[in-house]
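**Student:** Input: one structure, supplied below.
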Amino acid sequence: MKYKLTTDGNQIHDSAIIHKGAELGTNNVIGPYCIIYDDVKLGSNNVVLSHTSIGSPPEHKEALKNNKFYPVIIGDNNRFNEFVTVNSGAFQNTIIGNDCFFLRGSHIGHDSILGNGITVSCNSLVG
């Protein structure tokens, strides 16, 4: 696998897509085929494994109709295993604290607020 090291110490796989409006802290690892959308604030020391999507539009009819979304704010030292999805907010920010662990295929829906030290199991849905 080919990773590029940024000046902030982030390791980003060549196939990852980081939108221009996304803000990344330091020492993050962004794996293959990940997408980090605009209006995502990703803290430091996070690991984002393959095929993870953070900040995609909320699955909410009114928000999509109005085309107004709220940011995703993520703290530090989190791990997002493969195929995790995190939606942007429909009515408020989607927030994830520090030291959380998201197992394969879990989903964090729009407007969710998660504290620190949370583990979300495989294929679980939070909304």
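The values are calculated or read from the model by the stated rules, or taken from the named source; none is laboratory data. These numbers were taken from a predicted model, which means no experiment stands behind them. When we count neighbours, we look across all protein chains shown, and the Cβ atoms used for this are built from the backbone with ideal geometry, even at glycine. SASA here: full protein model, heavy atoms, side chains in, ligands and nucleic acids out. Shrake-Rupley method; radii C 1.70, N 1.55, O 1.52, S 1.80 Å.
**Student:** I need the full set of residues from region 96-127 which are part of a strand (DSSP E or B) and open to solvent by 70 Å² or more (accessible area, probe 1.4 Å), in order please.
**Tutor:** Across region 96-127, the qualifying residues are Phe101, Ile113, Thr119, Leu125.
**Student:** Working only within region 21-52, note down all residues that are under 19 Å from Asn93 (Cα atoms) and open to solvent by 30 Å² or more (accessible area, probe 1.4 Å).
**Tutor:** Correct list: Gly21, Glu23, Leu24, Ile35, Tyr37, Asp38, Asp39, Lys41.
**Student:** Follow-up question, since we're still on this one. Go through region 1-20 and report how many residues are part of a loop (DSSP other than H, G, I, E, B) and touching a strand residue (DSSP E or B) at 6+ places or on another chain (Cβ under 8 Å).
**Tutor:** Final tally of qualifying residues: 8.
**Student:** Which of the residues that make up region 10-33 are of a type in the set (Val, Ile, Thr) and farther than 12 Å from Ser50 by Cβ?
**Tutor:** Ile12, Ile17, Ile18, Thr26
**Student:** If I ask for residues that are within 20 Å of Val84 (Cα to Cα) and either surrounded by fewer than 14 Cβ atoms within 10 Å (Cβ to Cβ) or modelled with pLDDT under 95 (or both), which ones from region 4-14 would you list?
**Tutor:** Asp14
**Student:** Also, quick follow-up: Tell me the residue from Asn78, Asn93 that is under 22 Å from Asp38 (Cβ atoms), modelled with pLDDT of 95 or more and buried (at least 21 other Cβ atoms within 10 Å of the Cβ), please.
**Tutor:** After ruling out the rest, the residue left standing is Asn78.
**Student:** So, in region 58-75, of the ones that are touching a strand residue (DSSP E or B) at 6+ places or on another chain (Cβ under 9 Å) and part of a loop (DSSP other than H, G, I, E, B), which residue ends up most open to solvent (accessible area, probe 1.4 Å)?
**Tutor:** That would be Glu59.
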